[in-house]
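Have a look at the structure below before the remarks.
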Amino acid sequence: MLTVDEDSKSFCVEYLSPHRARIHHINLLLLEDPSNPAKRHYTYVKNMSTLVSHRTKHNGKTYVCNSCLHPFQKQETLDRHVPFCVKHDAQQVIYPNADDENDCTLQFKSVQKQHPVPFYIVADFESFLAPIDRAETDDSSGLTIIDEHVVSGFCTYRVTHHAEHQTPAFVYSGPDPMTKFYDHIMREAREISRIVRGYVDMIPLTEQQAYDYEQAVTCGNCGGPFTKDNKRNHHHDHISGEYLFACCSACYLQLKPVKCNKGKATKNKTSSYRASCTTFSHMMHISSSNIFNASSWNAETPTTNCRSTTSKSRP
């Protein structure tokens, strides 16, 4: 059953029958009186291709999917599409407005994310192969799992261009490596959050920097012109105090450092993780070589060992 969508001036699926293999199938269009919603009338849709002809530039008969109302030029194309489409609820495809440049053009707008983050952490894990007690067969791939990777140690390194906040690499190899990794990352989170929360006033401009600022007519971040309502501002590094460039008022607010939670130590590691890392996650990048699968480590429930299985065909 279809209804008229006033916003898109098109049609949408109001109800989709779960029965697919019945001999008789009809499509209905529900019409409503805008001035009196109580007045409704069902209309038999004899030709779906004609009803949704505005959705395609094809000059001829089309084959329409009753779930998403997408018209196809060939029956075999529709037949390949339907098994995948019916797995989901009925949906409506809304096309961009070709007459509206802002609507039909995809643009990158998060220009503030082009600048490097002040801190991030890279991590490398080491592991060894251990045979499993009982061979398991993965039915989906037909492979037999005969061993698994067991984490034995790791190395982490804090990366920052601020020399005063650089630290040596932290290396650990021993029992409970994932617990040690978790505790170390939490310490780093609290320390980096403390640094970022601090605000360092801008260092006085040099003669050349003052000249560049006065000559700037466009924002150094978004490239837009300065106006009476979107004025020019000094953007500086809030950690070192170094002047960076002239930016508009809108970008000045976006480029301000995100305030991090204090990350106070708690008895519960889960609470500590949420307090420290909710706002810290955007600063940390973990690069895992060898074996570590980040998705296999559940930060909500820290474990003393982290394993990611590997599959090999039994000879």
In the stretch 227-248, what residues are farther than 22 Å from His162 by Cα and of a type in the set (S, T, N, Q)? Thr227, Asn230, Asn233
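Let's see how each residue does on (1) at pLDDT 95 or above; (2) touching a Pro at 6+ places or on another chain (Cβ under 9 Å):
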| site | (1), (2) |
| --- | --- |
| Thr156 | yes, no |
| Glu164 | no, no |
| Pro175 | no, no |
| Met178 | no, yes |
| His184 | yes, no |
| Ser193 | no, no |
| Arg197 | no, yes |
| Met202 | no, no |
| Leu205 | no, no |
Among the charged types (D, E, K, R), within 30 Å of Lys256 (Cβ to Cβ) and not in a loop (DSSP other than H, G, I, E, B): which single residue out of Glu148, Glu188, Glu126 fits that description? Glu188
Of all residues in the stretch 81-100, which are in a helix (DSSP H, G or I) and either surrounded by 11 or more Cβ atoms within 10 Å (Cβ to Cβ) or not assigned by TED's automatic domain parsing to the domain that holds Lys9 (or both)? His81, Val82, Cys85
Could you check how many residues of the stretch 200-246 are out of contact with any helix residue (DSSP H, G or I) (no Cβ under 7 Å at 6 or more places or on another chain), part of a loop (DSSP other than H, G, I, E, B) and charged (D, E, K, R)? 5
Kindly indicate whether any position in the stretch 168-180 is aromatic (Phe, Trp, Tyr) and either touching a residue at least 40 places away in the same chain (Cβ under 8 Å) or over 17 Å from His236 (Cα atoms) (or both). yes
Take Lys264 and tell me if it is of a type outside the set (S, T, N, Q), in the same structural domain as Lys180 (by TED's automatic domain parsing), modelled with pLDDT under 85 and farther than 30 Å from His149 by Cα. yes
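The values are calculated or read from the model by the stated rules, or taken from the named source; none is laboratory data. Note that the coordinates shown come from a computational prediction; the quantities given were computed from them, not determined experimentally. Reconstructed Cβ throughout: ideal geometry from the backbone, glycine too, with neighbour counts over all protein chains shown.
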